[in-house]
Amino acid sequence: MQKGPVTPKGFGDIMPREAVSRRLMINAIVPVLEKYGFSPLETPTVEFAETLLGKYGEEEKLIYQFEDKGGRNLALRYDLTVPLARFVANNLGLLNPTFSRYQIGQVFRGENPQKGRRREFTQFDFDTVGSSDYTEDVKVISAVIESARAIGLTDAIVQINDRELFDAAGFSKEAVIAIDKIDKIGRDGVVALLKEIDIEKAEGMFASLEKAEKTARLKDIFAGLEKAGFAEGKDFTFNPFLARGLNYYTSTIFELKLDKSPGGLSVGGGGRYDNLIGMFAGREIPAVGFSFGIDRIIDLLPES
């Protein structure tokens, strides 16, 4: 029976068993990332609100904002990517010519709590900054696959797409947001949302994705992954419906799914964001990265 104060909804204590699982998972992933050349970094939990605002699209409403005693508008970090962009813009000397880092930390989102999704949770990010070459995408995706295997996700698969497919088809931002919901509401649900945007083009928009082929960049990435020893259909696959809702993605996007089943549960995601750091640095600085949802993985995996 609970006798002491309760925690706010969506926030909670990490019990010893889960803390051990978390530590084992992190300890298994870190050696993989360091093998690929990623170095550790830490950034503060609190940022100026203006640093975070305008980067997340419709999800911006989930940012925890507050005013301190000095009247400054502050916010709890929503993810680890925007803080990384701020850090790189202030430490450009680290780009020699690239900078690769990993970071483990708490992030905060004011969304409805559910299994595998809390308002405070741990992200495990790794990114490489300074190059737009597809080989950097290959490096990040290779590290994702190898890390997944290291923590026992034997059936996990990385779904990959290129947001240029949506740009080439003339999809609006609203249409991309609708397509991003396909795992939750299915084909008919997405078509219904597209009809709300443009009823005459809805079926054609969906059909164009069903027939979509890999972009030239994706073909290079897939060839690079196969050269690295990974197998298409087993370790990674093409998914033309993968959209990812965050505004800052510019090209390659990918998600780690627990298995190959339709609508498979996502336990991490990432992609290429070539414009985000430039918003702070005043010059173009390409980047690509990925984030594991550590708490989500632990919550969704069956207890051993």
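Where a number appears in this text, it was derived from the coordinates with a stated rule and is not lab data. Since the model is a prediction, treat every value here as computed from it, not as a measurement. Heads up, the Cβs are rebuilt from the backbone with ideal geometry, glycines too, and the neighbour counts pull from every protein chain shown.
Mind listing which GluC sites (Glu not before Pro) in the stretch 41-136 are in a DSSP loop and have 16 or fewer other Cβ atoms within 10 Å?
Working: sites: E42, E47, E50, E58, E59, E60, E67, E111, E120, E136; in loops: E42, E111.
Answer by residue number: E42, E111.
Counting other Cβ atoms within 10 Å, which trypsin sites (Lys or Arg not before Pro) in the stretch 217-304 have at most 15 and lie in a DSSP loop?
K234, K260, R283
Write down, largest first, the equivalent ellipsoid semi-axes of the stretch 170-211 in whole Å, where each equals the square root of 5 times an eigenvalue of the alpha-carbon gyration tensor. Working shown, then result.
Working: eigenvalues 35, 25, 20 Å².
Calculated on Cα positions only, the semi-axes equal 13, 11, 10 Å.
Of I160, I179, I151, which has the largest mean-square fluctuation in a 10 Å C-alpha GNM of the chain?
Looking only at I160, I179, I151, the biggest GNM fluctuation is shown by I151.
Restricting the count to DSSP beta bridges whose residues both fall in the chain, what percent are antiparallel, rounded to a multiple of 5?
Beta bridges within the chain, antiparallel portion: roughly 85 percent.
Looking at the chain, what % of the alpha carbon pairs are farther apart than 31 Å?
30 percent
At 222 nm, what helix-only mean residue ellipticity would the chain give, in deg cm²/dmol to the nearest 500, using -39500 (n - 2.57) for each DSSP H run of four or more?
-11000 deg cm²/dmol
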